[in-house]
1. Does the range 95-209 come out rounded, prolate or oblate by the C-alpha gyration tensor, with a ≥ b ≥ c the root eigenvalues, rounded set by a/c under 1.5 and, if not, prolate when a/b is larger than b/c and oblate if not?
2. Going 7 Å from the Cα of SER182 along its beta-carbon direction, which residues of the range 25-46 have the amide nitrogen within less than 17 Å of the resulting point?
3. Stretch VAL107-VAL81 to full length: gain in nm at 0.36 nm per residue minus the Cα-Cα span?
4. Once phi is turned into ³J(HN,Hα) by the Karplus curve 6.51 cos²θ - 1.76 cosθ + 1.60 with θ = phi - 60°, what whole-Hz value does each residue of the range 140-150 show in order, with x for glycine and proline?
5. Hey, rough spin-label estimate for ASP49 and ALA133, points 7 angstrom out along Cα→Cβ, what's it come to in nanometres?
6. Using R₀ = 25 Å, calculate the FRET efficiency as 1/(1 + (r/R₀)^6) where r is the Cβ-Cβ separation of ILE73 and TYR201; round to 0.05.
7. Between MET64 and ILE173, what is 0.36 nm times their sequence separation minus the Cα-Cα distance? Round to one decimal in nm.
8. Kindly rank 140-150, 110-120 from highest to lowest mean number of other beta carbons found within 10 Å of each residue.
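We did not get these values from a lab; they are worked out from the coordinates using the rules stated. The model shown is predicted, which means the values in this text are computed figures rather than measured ones. Note that we place each Cβ from the backbone using ideal geometry, even for glycine, and neighbour counts take in every protein chain shown.
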Amino acid sequence: MGNNVKALCLALLLLVPVFAWSAESNVSAVIQGGVTMPDDDQWKTFYGDDNYSHAGMTLGWRVMRFFEAGLGIIYASDSGVGQFSVSGQAGGKVLLETYPTTLYGLVRLQFTETQWLVPYLGIGYDKVYYKLAIQDQERRKGSLEGTHVRFGLQLLMDNIDKNAAAGLHDFGIEHVYFVLESTQREAKDDGAGVDLGGTLYSAGFLFQF
């Protein structure tokens with residue numbers, strides 16, 4: 001499935017400029033953050049917990065009410081004091097920083113412009129850049145290719161405060177949504193012993209221009 005998703009997303013990338021120039025297109029921006037639950041079973045051993053926080057933003061082009069394609073970037077980091085698996089004693093300090101970039105397409109089940117709750121489903125191709133610093137060891141950095149599937153809900157905020165919504169129109173913002181999202185990412189390199197896949201739970205705001 002990974003190769004098929006990658007091919008589809010690369011095709012979407014070629015279409016993004018067309019979406020941006022189309023008179024029918026609308027630009028959207030999302031700012032969100034949340035918690036990542038890593039797939040790596042040894043994560044807690046190295047970092048002391050089984051989750052870490054992330055934050056990011058995306059820029060998308062809505063070709064029609066039902067379909068959007070775009071680009072996104074996330075920053076996430078985790079640190080701790082690793083443990084030796086045999087003795088259980090504390091090891092050196094560990095700091096991991098990741099910068100996943102993503103190319104995505106998603107479909108919204110939106111039937112009217114003022115629909116207050118909009119579910120959506122998306123897929124994407126990921127390039128996950130990372131830097132790993134372990135005390136008294138050489139720093140490591142690299143990147144992984146991956147894919148993701150996401151599901152989310154968008155709650156229209158316009159009717160909650162109509163005066164604020166009207167004021168945002170002066171800045172070109174047509175609609176504001178509160179977004180809840182779950183993403184399953186696969187990004188693993190068995191040869192390098194690096195697994196940056198996991199489940200991301202995110203919340204944030206979407207601004208449609």
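1. Working: a/c = 3.46, a/b = 2.24, b/c = 1.55.
Prolate shape, in that a/c is at least 1.5 and a/b is the bigger ratio.
2. Backbone N within reach: 34-39.
3. Working: separation 26, 0.36 × 26 = 9.36 nm, distance 4.18 nm.
So the chain would gain 5.2 nm between VAL107 and VAL81.
4. Here the 3J(HN,Hα) series is 10, 8, x, 8, 10, 9, x, 9, 8, 10, 10 Hz.
5. That separation, rounded to one decimal, is 1.9 nm.
6. Details: r = 18 Å, r/R0 = 0.73.
E(calc), rounded to 0.05, equals 0.85.
7. Values: separation 109, 0.36 × 109 = 39.24 nm, distance 1.72 nm.
Length difference between fully extended and current span is 37.5 nm.
8. Details: 140-150: 17.1, 110-120: 12.8.
Listed from highest to lowest mean packing, they are 140-150, 110-120.
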